[in-house]
1. For the stretch 79-164, which fully contained helices (runs of 4 or more DSSP H) count at least 2 residues that are modelled with pLDDT of 95 or more and not assigned by the TED database to the domain that holds T63?
2. Please give the number of the condition T14 fails out of (1) touching a helix residue (DSSP H, G or I) at 6+ places or on another chain (Cβ under 6 Å); (2) within 25 Å of H174 (Cα to Cα); (3) at pLDDT 90 or above.
3. Residue by residue through the stretch 77-86, note down the ones that are buried (at least 17 other Cβ atoms within 10 Å of the Cβ) and either free of Cβ contacts under 8 Å to residues at least 60 places away in the same chain or not charged (D, E, K, R) (or both).
4. All but one of (1) loosely packed, with under 15 Cβ neighbours inside 10 Å; (2) more than 25 Å from F191 (Cα to Cα); (3) at pLDDT below 90 hold for M1, so report the exception by its number.
5. Identify all residues within the stretch 43-71 that are surrounded by 15 or more Cβ atoms within 10 Å (Cβ to Cβ) and not in a helix (DSSP H, G or I); write none if there are none.
6. Across the stretch 1-42, which residue is nearest to V71 (Cα to Cα) among those that are small (G, A, S) and assigned to a helix (DSSP H, G or I)?
7. Criterion first (open to solvent by 80 Å² or more (accessible area, probe 1.4 Å) and not β-branched (V, I, T)) does Q111 satisfy it?
Amino acid sequence: MRLSELSERSGVSTATIKYYLREGLLAPGRQVNTTTADYDESHLRRLRLVRALIQVGRVPVATAREILGHVDDESLGRTIRLGAALWALPQEPEPDDQDPAVRSARREVDQLLADLGWETARELAPLSPVHRSLVAAVATLIRLGYSWDAELLAPYAELMHQVAMRDLDYLETHTSDAERVETAVASAVLFEPVLRALHRLAQEQESARRYGIE
């Protein structure tokens, strides 16, 4: 397809597509002649991901370029490639280990991972921004007097493991590793709000079932 068709199908202006090309967010098309390039479905898919990162996720262009670099890095194994791309998304700052609430939260999170037998998560904990975010969130609960410990967190973690299995089942419907990683990154930006909304709707439904709506 030509640039005009790529623009029409993606909903992205030709000027913006040219900007993404200049910034290295979109691979060049196949050169037909000195002034014309041809684009394919992979360009359309990538444009959707770039829009998700920049327009919805408010990810800076430099960060988007880093994320896409991991998406395209075929030298990495599938798990590391996926993890590197997701870790490059904007994350929480490092919690202050001088804070007693942070130290307590870290102990509870470490205990949680041990109780669940999540050995990979334990091994990657020192490097993982996701682990850091969980520690920070639990520390906030503790600081405000909500004592969420490993025992209370475990059933939620087990439910999220079921969600993760669904995620990976869906990723495996895609044919290439690049598509799988692209889908995972897009889902992290676009689908997590859906999960939050479903959680709240489920709470409303269960509350009405238990207590009525009057």
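1. Result: 100-116, 129-143.
2. With respect to (1) touching a helix residue (DSSP H, G or I) at 6+ places or on another chain (Cβ under 6 Å); (2) within 25 Å of H174 (Cα to Cα); (3) at pLDDT 90 or above, T14 is out only on (2).
3. L82, G83, A84, A85, L86, listed by residue number.
4. (1)
5. Once the filter is applied, which keeps residues that are surrounded by 15 or more Cβ atoms within 10 Å (Cβ to Cβ) and not in a helix (DSSP H, G or I), the stretch 43-71 yields G57, V59.
6. S42
7. Taking the combined requirement at face value, the residue satisfies it.
Okay, residues lined up against (1) touching a residue at least 24 places away in the same chain (Cβ under 8 Å); (2) under 20 Å from the mean Cα position of the chain (by Cα):
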residue	(1), (2)
L89	yes, yes
V102	yes, no
A105	yes, no
G117	no, no
A121	no, yes
Y170	no, yes
H174	no, yes
V181	yes, yes
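The values are calculated or read from the model by the stated rules, or taken from the named source; none is laboratory data. Being a predicted model, the structure only gives us computed values, none of them experimental. Ideal geometry is used to build each Cβ from the backbone, glycine not excepted, and the neighbour counts take in all protein chains shown. These accessible areas exclude ligands, DNA and RNA; they are computed on the full protein's heavy atoms, side chains included. Shrake-Rupley method; radii C 1.70, N 1.55, O 1.52, S 1.80 Å.
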